[in-house]
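These notes concern the structure reproduced below.
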Amino acid sequence: MLELHDIRTFYGNIEALKGVSLSVDEGECVTLIGSNGAGKSTTLRSISGLTPPRFGQILFHGRDIARVPPQEIVRLGISQSPEGRRCFQRMSVQENLDMGAYLRRDKEIDADRAHVYELFPRLQERRTQKAGTMSGGEQQMLAIGRAMMARPKLLLLDEPSMGIAPILVERIYETIAEINRQGTTILLVEQNANYALGVSHRGYVLETGRVVLTDASSSLRENPEVQRAYLGT
Amino acid sequence: MEAATVPLSRSTSLRRLREAGGRYVLIALLLVLPVAYGIQDLSQTGNLSRLGNNLVDGLSNGAIWALVAIGYTLVYGIIELINFAHGEVFMIGSFVAAGFFGTIGLTAAAGPAGLLVGLVLTLIACMAASGVLNVMIERVAYRPLRGAPKLAPLITAVGMSFILQNVGLLWLGGSPEGIVDLIRSQEVFFTFAGVEVSNGDVLALAVTIPLILLMTAFIGGTRLGKAMRATAQDPDAARLMGINVDTTISMTFLLGGMLAGAAGLIYALYQTTIWYFQGFTAGLIAFTAAVMGGIGNIKGAVLGGFIIGFIQQISDNRIGSSWTPAVVFAYLVLIMVFKPSGLLGEQTREAG
């Protein structure tokens, strides 16, 4: 479904991705783990078109989208819940969700919104509240819900556990597993490898802009190097 | 930001004062002049009609500033840039109005119906010309600098301002040009309780109020309006929603320019004198209005525009017009000291 071939992305003259290749198959949940600055978020920003790669190919259903503008990428079926959540602070929960459906004109938006409220009942309780007044965990739910409102074929999630109380992280991860079970393909970026390897099928380990290791998630959890560097055991 | 970490007893006492009475101090401050002169009028003439006249004139002048100020505030809200060329976009609106009168042969001899049709056509022409001009300015001078340091587009904005002033200079020469007084703007339209409302006042409000209402409805209710609000709050998040941020920014410049064009027409009809330098003064006043009201906030820009209109009229009429700029900016300084984010200021993106 998604294939990255040796992409190299720059911020000015700084090469953040030094040739990343990975693939995600239909229905999978794939994770990208690594420490701060490894290039995880840059990979997702490259896929979404926010910081297009200077070299390399990004194939989505066989079509190269490396130089396609962000709004077209959303239209093709890739949406993202970005790092730091980035909810529209002065809009209500419901307005935020509706922004997620910005490109859609079909009649099923209401049904999809109801589905998001089903996945995150907390959002329904807060639907008229301004996003900026909610807790980090609630905003994270909103950011994921908002990305779901685009009805993506591929959902990109960037650090859904960052800065959130552990009890909420668990709830969010249960929901991520549920979204994947219901048929949405997921590419998950996470610093917290414990959670990420728990929910995903396969994983890639990123270090300073390069993929250094890839395996089934269950094998990665047993890998001594991964355990030492990312699982803190 | 650095300064905030340095403890200063004076700044904390000032902050306490702001928090305690900020709003009431502001309201009191704004009411000082009208109340003082109202009492003076009452004790001298027994009625308030002079003050009433000041307020009506202030309202129509304020309408022009409000329309121009919205353009500053919209653009600042979405790309955090002070569009210094905006005053000139307003000036070009006035020039197009004067030119268009000549083109369609509109004179004071046209009957009321002919005049109305002519003016509506001129309004459309001015709004279209200024709107398109503003979009072109953005395309040429700001868009290529989107990723550049913030000073770069600021300086190209100053550059565009001077370039357009020179266009005005070439167009109509360097001295103020009188234009035909189509609506006999100083003629009294009606009198109410001793307050005279002139044709110009009626025109200013009849154009401004519907335009402001339409604009607010557009931004609040339409898809594009939502895109504008989302882009203003977080451009990258807006891109992830599938919003074409460049198009949205262009639309913002179009809207701001259209309002400036309408203001240009009102100004031309109201003042019956136009010249290439009018945009500089008007731009400065309207920018002040936008900051006073809270830059980025549309209601604030309108409020700021009207407040400055009132202050100017009261000062012109009571204190002396040579003092007016000093009075206006003294008010600005006081308001800023008590409420640095402006009267209705929201937190901007930078402030969180």
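A few remarks follow.
- Unmet requirement for B:Leu151, which otherwise passes all of (1) within 12 Å of chain A (Cβ to nearest Cβ); (2) surrounded by fewer than 18 Cβ atoms within 10 Å (Cβ to Cβ); (3) free of Cβ contacts under 8 Å to residues at least 24 places away in the same chain: (1)
- Scanning the stretch A:59-75 for residues that are open to solvent by 50 Å² or more (accessible area, probe 1.4 Å) and within 11 Å of another protein chain (Cβ to nearest Cβ), we see that the one that is nearest to A:Leu155 (Cα to Cα) is A:Arg75.
- Verdict on B:Ser94 being at pLDDT 95 or above, in contact with a strand residue (DSSP E or B) (Cβ under 9 Å, 6 or more places away or on another chain) and of a type outside the set (A, V, I, L, M, F, W, C): yes
- The residue that is most open to solvent (accessible area, probe 1.4 Å), among those in the stretch B:118-148 that are within 16 Å of B:Leu67 (Cα to Cα) and of a type in the set (Gly, Ala, Ser), is B:Ala128.
- Test: residue in the stretch B:254-274 that is in contact (Cβ under 8 Å) with a residue 24 or more places away in the chain, touching a Pro at 6+ places or on another chain (Cβ under 9 Å), more than 14 Å from chain A (Cβ to nearest Cβ) and more than 30 Å from A:Glu72 (Cβ to Cβ): yes
- Considering only residues in the stretch A:185-205 that are part of a helix (DSSP H, G or I) and open to solvent by 10 Å² or more (accessible area, probe 1.4 Å), the one that is modelled with the lowest pLDDT turns out to be A:Asn194.
- One residue alone among B:Ile249, B:Ile212, B:Ile243 is within 21 Å of the chain's Cα centre (by Cα), within 14 Å of another protein chain (Cβ to nearest Cβ) and not acidic (Asp, Glu), and that residue is B:Ile249.
- Complete set of residues in the stretch B:260-274 that are open to solvent by less than 30 Å² (accessible area, probe 1.4 Å) and in a helix (DSSP H, G or I): B:Ala260, B:Gly261, B:Ala262, B:Ala263, B:Gly264, B:Leu265, B:Ile266, B:Ala268, B:Leu269, B:Tyr270
- Pick from the stretch B:225-237, criterion touching a Phe, Trp or Tyr at 6+ places or on another chain (Cβ under 8 Å) and either part of a helix (DSSP H, G or I) or open to solvent by 20 Å² or more (accessible area, probe 1.4 Å) (or both), ranking: farthest from the other protein chains (Cβ to nearest Cβ): B:Gly225
- Against the conditions (1) open to solvent by 10 Å² or more (accessible area, probe 1.4 Å); (2) more than 14 Å from chain B (Cβ to nearest Cβ), A:Val30 satisfies every one except (1).
- Identity of the residue in the stretch A:132-167, closer than 12 Å to A:Cys87 by Cα and open to solvent by 10 Å² or more (accessible area, probe 1.4 Å), that ends up nearest to the other protein chains (Cβ to nearest Cβ): A:Gly132
- Enumeration of residues in the stretch A:206-233 that are assigned to a loop (DSSP other than H, G, I, E, B) and either aliphatic (A, V, I, L, M) or touching a helix residue (DSSP H, G or I) at 6+ places or on another chain (Cβ under 6 Å) (or both): A:Thr233
- Index of the failed condition, B:Ala110 passing every other in (1) under 17 Å from B:Tyr270 (Cβ atoms); (2) open to solvent by less than 40 Å² (accessible area, probe 1.4 Å): (1)
- Taking every residue in the stretch B:189-204 that is without any contact (Cβ under 8 Å) to a residue 60 or more places away in the chain and open to solvent by 30 Å² or more (accessible area, probe 1.4 Å) and pairing it with any residue that is of a type in the set (Gly, Ala, Ser) and part of a strand (DSSP E or B), at least 6 positions away or on another chain, the pairs with Cβ-Cβ distances below 9 Å are B:Phe189/B:Ser198.
- Within the stretch B:275-296, being of a type in the set (A, V, I, L, M, F, W, C) and assigned to a helix (DSSP H, G or I) holds for B:Phe280, B:Ala282, B:Leu284, B:Ile285, B:Ala286, B:Phe287, B:Ala289, B:Ala290, B:Val291, B:Met292.
- Residues of the stretch A:77-127 that are farther than 17 Å from A:Ile172 by Cα, in a loop (DSSP other than H, G, I, E, B), within 9 Å of chain B (Cβ to nearest Cβ) and open to solvent by less than 10 Å² (accessible area, probe 1.4 Å): A:Phe88, A:Met91, A:Ala101.
The values are calculated or read from the model by the stated rules, or taken from the named source; none is laboratory data. None of the values given here were measured: they were computed from a predicted structure. We place every Cβ from the backbone using ideal geometry, glycine too, and count neighbours over all the protein chains shown. Heads up: the accessible areas ignore ligands, DNA and RNA and are worked out on the full protein's heavy atoms, side chains in. Shrake-Rupley method; radii C 1.70, N 1.55, O 1.52, S 1.80 Å.
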